[in-house]
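The values are calculated or read from the model by the stated rules, or taken from the named source; none is laboratory data. For clarity, every value in this text was computed on a predicted model and none was experimentally measured. Because the Cβ atoms are built from the backbone with ideal geometry, glycine has one as well, and the counts that use them run over all protein chains shown.
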Amino acid sequence: MSQRKIGTFSLSLMLTGSILGSGIIILPPLVLNVVGEWAIVGWLITALFGVAFAYVFAHAGTLFPGDGGAATAIEHAFGPGAKRLASYSLMSATMFGPAAVMLTIVNYLPPVLAPETAVDRFLVMAIIQVSCAGLILSGLKNMSRIGVILAALSTILLLVGSWLALYSGSGSIHHLPPFDGRSMGYSLLLMFFGIVGWEIVGNYGNEVRDPKKTIPRAALYASTIIGLVFVSVGAGMQYGSFPADAGSGVTVLLYPLFGSFAPWIMGGLVAALCVTTYIVFAGGVARLAAHLGEHGGLPAFLGKRNRFGAPMTAMICYTVIHVILIGLVCLDVIDMAGLLAVADGFFLTNALLGTLAAVRLFHKPLPKFIAVLLSMGVFIVLTMAHWPVLVAVCAMAVFVMGRARRFAWR
(Lines give C-alpha, C1' and ligand atoms only; values in the text may rest on other atoms or scores of the structure.)
Protein backbone atom coordinates (compact mmCIF):
# COMPACT_ATOMS: atom_id res chain seq x y z
CA MET A 1 0.00 0.00 0.00
CA SER A 2 1.52 3.32 -1.04
CA GLN A 3 1.86 6.08 1.49
CA ARG A 4 0.30 9.44 0.72
CA LYS A 5 3.04 11.96 -0.03
CA ILE A 6 3.01 15.61 0.99
CA GLY A 7 3.34 18.72 -1.15
CA THR A 8 5.10 22.06 -0.90
CA PHE A 9 2.71 23.74 1.55
CA SER A 10 2.70 20.87 4.05
CA LEU A 11 6.47 20.47 3.92
CA SER A 12 6.94 24.25 4.37
CA LEU A 13 4.80 24.13 7.51
CA MET A 14 6.71 21.12 8.87
CA LEU A 15 10.06 22.78 8.27
CA THR A 16 8.95 26.08 9.80
CA GLY A 17 7.81 24.29 12.94
CA SER A 18 10.90 22.12 13.30
CA ILE A 19 13.42 24.93 12.67
CA LEU A 20 11.72 27.66 14.73
CA GLY A 21 10.99 25.41 17.69
CA SER A 22 12.06 26.89 21.00
CA GLY A 23 14.70 29.16 19.43
CA ILE A 24 12.15 31.91 18.79
CA ILE A 25 11.52 32.03 22.55
CA ILE A 26 15.09 31.61 23.82
CA LEU A 27 17.14 33.82 21.53
CA PRO A 28 15.63 37.34 21.08
CA PRO A 29 16.00 38.51 24.72
CA LEU A 30 19.34 36.75 25.06
CA VAL A 31 20.82 38.38 21.95
CA LEU A 32 19.46 41.82 22.88
CA ASN A 33 21.18 41.51 26.25
CA VAL A 34 24.51 40.48 24.64
CA VAL A 35 24.82 42.90 21.72
CA GLY A 36 22.31 45.68 22.49
CA GLU A 37 21.39 48.03 19.63
CA TRP A 38 23.31 45.90 17.13
CA ALA A 39 20.89 43.01 17.68
CA ILE A 40 18.70 43.94 14.70
CA VAL A 41 21.76 43.84 12.41
CA GLY A 42 22.57 40.39 13.76
CA TRP A 43 19.03 39.19 13.05
CA LEU A 44 19.23 40.42 9.46
CA ILE A 45 22.52 38.55 8.99
CA THR A 46 21.04 35.45 10.60
CA ALA A 47 17.99 35.62 8.33
CA LEU A 48 20.27 35.66 5.27
CA PHE A 49 22.25 32.77 6.75
CA GLY A 50 19.02 30.84 7.16
CA VAL A 51 17.96 31.31 3.54
CA ALA A 52 21.43 30.28 2.36
CA PHE A 53 21.39 27.20 4.60
CA ALA A 54 17.96 26.24 3.32
CA TYR A 55 19.08 26.67 -0.29
CA VAL A 56 22.27 24.63 0.09
CA PHE A 57 20.84 21.77 2.15
CA ALA A 58 17.67 21.57 0.05
CA HIS A 59 19.75 21.12 -3.11
CA ALA A 60 22.05 18.66 -1.34
CA GLY A 61 18.99 16.73 -0.20
CA THR A 62 17.72 16.38 -3.76
CA LEU A 63 21.01 14.72 -4.75
CA PHE A 64 20.47 11.91 -2.24
CA PRO A 65 16.78 11.91 -1.23
CA GLY A 66 16.05 9.56 1.64
CA ASP A 67 16.37 9.11 5.38
CA GLY A 68 20.08 9.97 5.48
CA GLY A 69 19.74 13.59 4.43
CA ALA A 70 22.89 15.69 4.78
CA ALA A 71 24.77 12.81 6.42
CA THR A 72 24.51 10.85 3.18
CA ALA A 73 25.87 13.81 1.22
CA ILE A 74 28.80 14.13 3.66
CA GLU A 75 29.58 10.44 3.25
CA HIS A 76 29.52 10.67 -0.55
CA ALA A 77 31.79 13.72 -0.48
CA PHE A 78 34.37 12.73 2.14
CA GLY A 79 33.75 9.13 3.16
CA PRO A 80 32.27 7.37 6.22
CA GLY A 81 34.78 8.99 8.61
CA ALA A 82 33.40 12.47 7.91
CA LYS A 83 29.86 11.19 8.31
CA ARG A 84 30.80 9.79 11.72
CA LEU A 85 32.46 13.07 12.75
CA ALA A 86 29.26 14.93 11.80
CA SER A 87 27.26 12.45 13.89
CA TYR A 88 29.56 12.89 16.91
CA SER A 89 29.26 16.68 16.60
CA LEU A 90 25.48 16.49 16.52
CA MET A 91 25.38 14.17 19.54
CA SER A 92 27.75 16.46 21.47
CA ALA A 93 25.55 19.48 20.75
CA THR A 94 22.56 17.57 22.11
CA MET A 95 24.31 17.22 25.46
CA PHE A 96 24.03 20.98 26.05
CA GLY A 97 21.11 22.43 24.05
CA PRO A 98 18.25 20.62 25.86
CA ALA A 99 19.26 22.00 29.27
CA ALA A 100 18.68 25.50 27.85
CA VAL A 101 15.27 24.35 26.62
CA MET A 102 14.31 23.15 30.12
CA LEU A 103 15.54 26.44 31.60
CA THR A 104 13.32 28.34 29.15
CA ILE A 105 10.20 26.52 30.34
CA VAL A 106 10.85 27.58 33.94
CA ASN A 107 11.76 31.15 32.97
CA TYR A 108 8.41 31.61 31.20
CA LEU A 109 6.17 30.14 33.88
CA PRO A 110 3.57 32.68 35.07
CA PRO A 111 4.76 34.50 38.23
CA VAL A 112 2.26 32.64 40.42
CA LEU A 113 3.72 29.27 39.36
CA ALA A 114 7.40 30.20 39.10
CA PRO A 115 9.70 28.47 41.63
CA GLU A 116 11.38 30.90 43.99
CA THR A 117 14.53 29.09 45.16
CA ALA A 118 17.37 27.44 43.25
CA VAL A 119 16.43 24.06 44.70
CA ASP A 120 12.83 24.46 43.55
CA ARG A 121 14.00 25.48 40.07
CA PHE A 122 16.22 22.42 39.89
CA LEU A 123 13.43 20.08 40.98
CA VAL A 124 10.93 21.54 38.48
CA MET A 125 13.38 21.36 35.57
CA ALA A 126 14.58 17.87 36.54
CA ILE A 127 11.00 16.58 36.73
CA ILE A 128 10.16 18.04 33.31
CA GLN A 129 13.40 16.61 31.89
CA VAL A 130 12.78 13.09 33.22
CA SER A 131 9.15 13.23 32.08
CA CYS A 132 10.22 14.16 28.54
CA ALA A 133 12.71 11.29 28.50
CA GLY A 134 9.90 8.99 29.64
CA LEU A 135 7.72 10.13 26.74
CA ILE A 136 10.53 9.36 24.29
CA LEU A 137 11.05 5.89 25.81
CA SER A 138 7.32 5.19 25.66
CA GLY A 139 7.46 5.28 21.88
CA LEU A 140 5.04 8.23 21.74
CA LYS A 141 4.42 9.30 18.15
CA ASN A 142 2.97 12.30 16.31
CA MET A 143 4.55 14.82 18.69
CA SER A 144 6.14 16.51 15.68
CA ARG A 145 2.69 17.21 14.23
CA ILE A 146 1.58 18.79 17.48
CA GLY A 147 4.79 20.83 17.47
CA VAL A 148 4.06 22.08 13.96
CA ILE A 149 0.62 23.31 14.99
CA LEU A 150 1.99 25.02 18.10
CA ALA A 151 4.85 26.60 16.14
CA ALA A 152 2.40 27.93 13.55
CA LEU A 153 0.17 29.39 16.29
CA SER A 154 3.08 30.99 18.15
CA THR A 155 4.48 32.34 14.86
CA ILE A 156 1.21 34.11 14.05
CA LEU A 157 0.83 35.50 17.58
CA LEU A 158 4.43 36.72 17.76
CA LEU A 159 4.29 38.33 14.31
CA VAL A 160 1.09 40.21 15.12
CA GLY A 161 2.37 41.18 18.57
CA SER A 162 5.69 42.40 17.13
CA TRP A 163 4.04 44.52 14.48
CA LEU A 164 1.62 46.01 17.02
CA ALA A 165 4.54 46.82 19.33
CA LEU A 166 6.40 48.55 16.50
CA TYR A 167 3.28 50.43 15.37
CA SER A 168 2.00 51.62 18.73
CA GLY A 169 5.20 51.78 20.77
CA SER A 170 7.03 54.99 21.50
CA GLY A 171 10.43 53.37 21.04
CA SER A 172 12.59 54.90 18.36
CA ILE A 173 15.55 53.72 16.36
CA HIS A 174 18.70 55.11 17.91
CA HIS A 175 22.11 55.67 16.40
CA LEU A 176 24.15 52.49 16.65
CA PRO A 177 26.95 52.55 19.25
CA PRO A 178 30.55 51.76 18.21
CA PHE A 179 30.79 48.33 16.64
CA ASP A 180 32.16 45.54 18.86
CA GLY A 181 33.26 42.69 16.60
CA ARG A 182 33.71 40.23 19.46
CA SER A 183 30.23 40.83 20.87
CA MET A 184 28.69 40.58 17.41
CA GLY A 185 30.58 37.36 16.71
CA TYR A 186 29.39 35.87 20.00
CA SER A 187 25.81 36.95 19.31
CA LEU A 188 25.94 35.35 15.84
CA LEU A 189 27.20 32.18 17.52
CA LEU A 190 24.13 32.25 19.78
CA MET A 191 21.76 33.13 16.93
CA PHE A 192 22.88 30.05 15.02
CA PHE A 193 20.69 28.03 17.41
CA GLY A 194 17.71 29.62 15.64
CA ILE A 195 18.59 28.13 12.25
CA VAL A 196 19.79 24.72 13.38
CA GLY A 197 17.99 21.93 11.60
CA TRP A 198 18.23 22.65 7.88
CA GLU A 199 20.49 19.61 7.64
CA ILE A 200 17.38 17.42 7.94
CA VAL A 201 15.54 18.86 4.93
CA GLY A 202 16.78 16.04 2.67
CA ASN A 203 15.45 13.43 5.11
CA TYR A 204 11.95 14.08 3.79
CA GLY A 205 12.87 12.95 0.28
CA ASN A 206 10.87 9.71 0.46
CA GLU A 207 7.78 11.43 1.83
CA VAL A 208 7.18 14.25 -0.69
CA ARG A 209 5.88 14.48 -4.22
CA ASP A 210 8.54 15.33 -6.81
CA PRO A 211 11.44 15.95 -4.34
CA LYS A 212 13.59 17.88 -6.83
CA LYS A 213 10.96 20.63 -7.03
CA THR A 214 9.08 20.32 -3.74
CA ILE A 215 12.05 20.33 -1.34
CA PRO A 216 13.79 23.50 -2.67
CA ARG A 217 10.51 25.42 -2.89
CA ALA A 218 9.39 24.40 0.59
CA ALA A 219 12.81 25.27 2.03
CA LEU A 220 12.72 28.71 0.38
CA TYR A 221 9.23 29.50 1.70
CA ALA A 222 10.00 28.20 5.20
CA SER A 223 13.35 30.02 5.49
CA THR A 224 11.72 33.28 4.39
CA ILE A 225 9.00 32.93 7.03
CA ILE A 226 11.52 32.02 9.73
CA GLY A 227 13.73 35.00 8.85
CA LEU A 228 10.71 37.33 8.93
CA VAL A 229 9.68 36.02 12.35
CA PHE A 230 13.11 36.46 13.92
CA VAL A 231 13.64 39.95 12.47
CA SER A 232 10.12 41.03 13.51
CA VAL A 233 10.41 39.65 17.04
CA GLY A 234 13.91 41.11 17.44
CA ALA A 235 12.75 44.54 16.21
CA GLY A 236 9.59 44.44 18.31
CA MET A 237 11.54 43.73 21.49
CA GLN A 238 14.25 46.25 20.65
CA TYR A 239 12.10 49.22 19.59
CA GLY A 240 8.72 48.60 21.23
CA SER A 241 7.61 50.18 24.49
CA PHE A 242 5.84 48.08 27.11
CA PRO A 243 4.35 48.73 30.56
CA ALA A 244 6.01 47.34 33.66
CA ASP A 245 3.40 44.59 34.06
CA ALA A 246 3.81 43.30 30.48
CA GLY A 247 6.04 40.46 31.67
CA SER A 248 9.57 39.61 30.60
CA GLY A 249 11.32 38.20 27.55
CA VAL A 250 9.22 37.50 24.49
CA THR A 251 6.06 37.60 26.65
CA VAL A 252 5.97 41.40 26.28
CA LEU A 253 5.01 41.00 22.61
CA LEU A 254 1.74 39.29 23.56
CA TYR A 255 0.74 42.07 25.97
CA PRO A 256 -0.89 44.25 23.25
CA LEU A 257 -3.07 41.25 22.33
CA PHE A 258 -3.90 39.67 25.68
CA GLY A 259 -3.06 42.20 28.38
CA SER A 260 -2.56 40.65 31.82
CA PHE A 261 -3.28 37.16 30.43
CA ALA A 262 -0.14 37.31 28.25
CA PRO A 263 2.15 35.52 30.76
CA TRP A 264 -0.30 32.62 31.05
CA ILE A 265 -0.73 32.23 27.30
CA MET A 266 3.00 32.52 26.66
CA GLY A 267 3.79 30.12 29.49
CA GLY A 268 1.54 27.47 27.97
CA LEU A 269 2.94 28.00 24.46
CA VAL A 270 6.55 27.92 25.67
CA ALA A 271 6.05 24.73 27.70
CA ALA A 272 4.36 22.94 24.80
CA LEU A 273 6.90 24.13 22.22
CA CYS A 274 9.93 23.30 24.35
CA VAL A 275 8.67 19.86 25.34
CA THR A 276 7.89 19.05 21.72
CA THR A 277 11.26 20.35 20.56
CA TYR A 278 13.03 18.23 23.16
CA ILE A 279 11.10 15.07 22.29
CA VAL A 280 11.60 15.42 18.54
CA PHE A 281 15.25 16.49 18.59
CA ALA A 282 16.68 14.63 21.59
CA GLY A 283 14.72 11.52 20.63
CA GLY A 284 16.11 11.62 17.11
CA VAL A 285 19.72 12.10 18.23
CA ALA A 286 19.39 9.35 20.87
CA ARG A 287 18.30 7.04 18.06
CA LEU A 288 21.40 8.09 16.13
CA ALA A 289 23.56 7.20 19.16
CA ALA A 290 21.82 3.83 19.43
CA HIS A 291 22.40 3.20 15.73
CA LEU A 292 26.13 3.91 16.12
CA GLY A 293 26.22 1.66 19.19
CA GLU A 294 24.72 -1.16 17.16
CA HIS A 295 27.23 -0.72 14.32
CA GLY A 296 30.49 -0.13 16.19
CA GLY A 297 30.64 3.66 16.11
CA LEU A 298 30.00 3.90 19.88
CA PRO A 299 30.14 1.40 22.78
CA ALA A 300 27.71 -1.46 22.19
CA PHE A 301 25.70 -0.87 25.38
CA LEU A 302 24.35 2.39 23.88
CA GLY A 303 22.58 0.34 21.20
CA LYS A 304 20.17 -1.29 23.65
CA ARG A 305 16.49 -0.55 22.94
CA ASN A 306 13.30 -1.21 24.89
CA ARG A 307 10.23 -3.10 23.72
CA PHE A 308 8.95 0.00 21.89
CA GLY A 309 12.16 0.22 19.87
CA ALA A 310 13.17 3.41 21.71
CA PRO A 311 16.90 3.97 22.45
CA MET A 312 16.77 3.16 26.17
CA THR A 313 20.44 3.27 27.22
CA ALA A 314 21.32 6.28 25.06
CA MET A 315 18.32 8.20 26.39
CA ILE A 316 19.18 7.36 30.00
CA CYS A 317 22.74 8.64 29.44
CA TYR A 318 21.47 11.86 27.89
CA THR A 319 19.00 12.34 30.76
CA VAL A 320 21.75 12.01 33.38
CA ILE A 321 23.92 14.55 31.51
CA HIS A 322 21.02 16.98 31.13
CA VAL A 323 20.05 16.76 34.81
CA ILE A 324 23.70 17.43 35.81
CA LEU A 325 23.80 20.49 33.55
CA ILE A 326 20.49 21.71 34.97
CA GLY A 327 22.08 21.46 38.42
CA LEU A 328 25.09 23.48 37.25
CA VAL A 329 22.74 26.14 35.89
CA CYS A 330 20.94 26.36 39.22
CA LEU A 331 24.32 26.71 40.98
CA ASP A 332 25.22 29.58 38.58
CA VAL A 333 28.22 27.64 37.25
CA ILE A 334 26.93 28.07 33.68
CA ASP A 335 24.13 30.17 32.21
CA MET A 336 21.85 29.80 29.21
CA ALA A 337 24.16 31.78 26.91
CA GLY A 338 27.02 29.46 27.85
CA LEU A 339 24.93 26.35 27.15
CA LEU A 340 23.88 27.63 23.74
CA ALA A 341 27.40 28.76 22.85
CA VAL A 342 28.80 25.28 23.53
CA ALA A 343 25.93 23.57 21.71
CA ASP A 344 26.25 25.87 18.71
CA GLY A 345 29.98 25.19 18.44
CA PHE A 346 29.19 21.54 17.80
CA PHE A 347 26.20 22.37 15.60
CA LEU A 348 28.45 24.61 13.50
CA THR A 349 30.94 21.78 13.05
CA ASN A 350 28.18 19.58 11.69
CA ALA A 351 26.97 22.41 9.44
CA LEU A 352 30.49 23.12 8.17
CA LEU A 353 30.90 19.50 7.09
CA GLY A 354 27.55 19.70 5.30
CA THR A 355 28.37 22.91 3.44
CA LEU A 356 31.83 21.67 2.45
CA ALA A 357 30.22 18.49 1.14
CA ALA A 358 27.90 20.66 -0.94
CA VAL A 359 30.88 22.55 -2.37
CA ARG A 360 32.39 19.27 -3.50
CA LEU A 361 29.18 17.72 -4.83
CA PHE A 362 27.52 20.67 -6.56
CA HIS A 363 28.35 21.19 -10.22
CA LYS A 364 26.16 24.17 -11.17
CA PRO A 365 27.87 27.53 -10.60
CA LEU A 366 25.22 29.28 -8.46
CA PRO A 367 24.69 26.51 -5.84
CA LYS A 368 28.44 25.92 -5.62
CA PHE A 369 29.13 29.65 -5.18
CA ILE A 370 26.52 29.97 -2.40
CA ALA A 371 27.90 26.85 -0.70
CA VAL A 372 31.42 28.33 -0.80
CA LEU A 373 30.26 31.63 0.74
CA LEU A 374 28.23 29.79 3.38
CA SER A 375 31.16 27.54 4.28
CA MET A 376 33.34 30.62 4.79
CA GLY A 377 30.69 32.29 6.95
CA VAL A 378 30.15 29.16 9.06
CA PHE A 379 33.90 28.78 9.56
CA ILE A 380 34.26 32.40 10.69
CA VAL A 381 31.43 32.06 13.23
CA LEU A 382 32.85 28.69 14.39
CA THR A 383 36.10 30.42 15.32
CA MET A 384 34.05 32.40 17.88
CA ALA A 385 33.21 29.18 19.75
CA HIS A 386 34.70 28.51 23.18
CA TRP A 387 38.19 27.02 22.94
CA PRO A 388 37.25 23.78 24.80
CA VAL A 389 34.67 23.14 22.07
CA LEU A 390 37.25 23.64 19.34
CA VAL A 391 39.66 21.33 21.18
CA ALA A 392 36.92 18.70 21.50
CA VAL A 393 36.11 18.94 17.80
CA CYS A 394 39.78 18.52 16.87
CA ALA A 395 40.05 15.53 19.23
CA MET A 396 37.00 13.91 17.62
CA ALA A 397 38.45 14.51 14.16
CA VAL A 398 41.78 12.93 15.16
CA PHE A 399 39.94 9.95 16.69
CA VAL A 400 37.80 9.42 13.58
CA MET A 401 40.77 9.71 11.19
CA GLY A 402 42.88 7.38 13.34
CA ARG A 403 40.10 4.82 13.47
CA ALA A 404 39.58 5.02 9.71
CA ARG A 405 43.33 4.58 9.11
CA ARG A 406 43.40 1.51 11.37
CA PHE A 407 40.58 -0.07 9.41
CA ALA A 408 42.36 0.76 6.15
CA TRP A 409 45.48 -1.14 7.29
CA ARG A 410 43.49 -4.24 8.20
(Q) Quick test for you: out of VAL119, VAL160, VAL130, VAL124, pick the one residue that is hydrophobic (A, V, I, L, M, F, W, C), part of a helix (DSSP H, G or I), within 19 Å of PRO311 (Cα to Cα) and modelled with pLDDT of 85 or more. (A) VAL130
Q.
Filter segment 240-266 down to the residues that are small (Gly, Ala, Ser) and in a helix (DSSP H, G or I) and list them by number.
A. ALA244, ALA246, GLY249, GLY259, SER260, ALA262
(Q) I'd like the full set of residues that are crowded, with 16+ Cβ neighbours inside 10 Å and aliphatic (A, V, I, L, M), limited to segment 223-247. (A) ILE225, ILE226, VAL229, VAL231, VAL233, ALA235, MET237, ALA246
Q: Within segment 167-197, work out how many residues are modelled with pLDDT of 80 or more and more than 30 Å from MET384 (Cβ to Cβ).
A: 1
Q: For segment 88-101, name all the residues that are among the small types (Gly, Ala, Ser) and surrounded by 23 or more Cβ atoms within 10 Å (Cβ to Cβ).
A: SER89, ALA93, GLY97, ALA99, ALA100
Q. Of all residues in segment 317-334, how many are without any contact (Cβ under 8 Å) to a residue 12 or more places away in the chain and under 23 Å from GLY284 (Cα atoms)?
A. 2
Q. If only one of ALA314, ALA300, ALA289, ALA337 is out of contact with any Phe, Trp or Tyr (no Cβ under 7 Å at 6 or more places or on another chain), in contact (Cβ under 8 Å) with a residue 12 or more places away in the chain, more than 28 Å from PHE53 (Cα to Cα) and among the aliphatic types (A, V, I, L, M), which one is it?
A. ALA314
Q: Check segment 263-283 and report whether any residue there is among the aromatic types (Phe, Trp, Tyr), modelled with pLDDT under 85 and either surrounded by 22 or more Cβ atoms within 10 Å (Cβ to Cβ) or touching a strand residue (DSSP E or B) at 6+ places or on another chain (Cβ under 7 Å) (or both).
A: yes
(Q) Take PRO111 and tell me if it is under 22 Å from ILE127 (Cα atoms) and touching a Phe, Trp or Tyr at 6+ places or on another chain (Cβ under 6 Å). (A) no
**Q.** Condition check for MET14: among the hydrophobic types (A, V, I, L, M, F, W, C), at pLDDT below 80, outside any helix (DSSP H, G or I) and more than 12 Å from PHE230 (Cα to Cα)
**A.** no
Q | In segment 297-324, the residues that are at pLDDT 90 or above and buried (at least 23 other Cβ atoms within 10 Å of the Cβ) | A | ALA314, MET315, TYR318, HIS322
Q.
Condition first: in contact (Cβ under 8 Å) with a residue 60 or more places away in the chain, aliphatic (A, V, I, L, M) and surrounded by 15 or more Cβ atoms within 10 Å (Cβ to Cβ). Now tell me which residues in segment 356-381 satisfy that.
A. LEU356, ALA357, ALA358, LEU361, ILE370, ALA371, LEU374, VAL381
Q: Kindly check whether there is at least one residue in segment 64-78 that is out of contact with any Gly (no Cβ under 6 Å at 6 or more places or on another chain), buried (at least 22 other Cβ atoms within 10 Å of the Cβ), over 25 Å from HIS291 (Cβ atoms) and modelled with pLDDT of 75 or more.
A: no
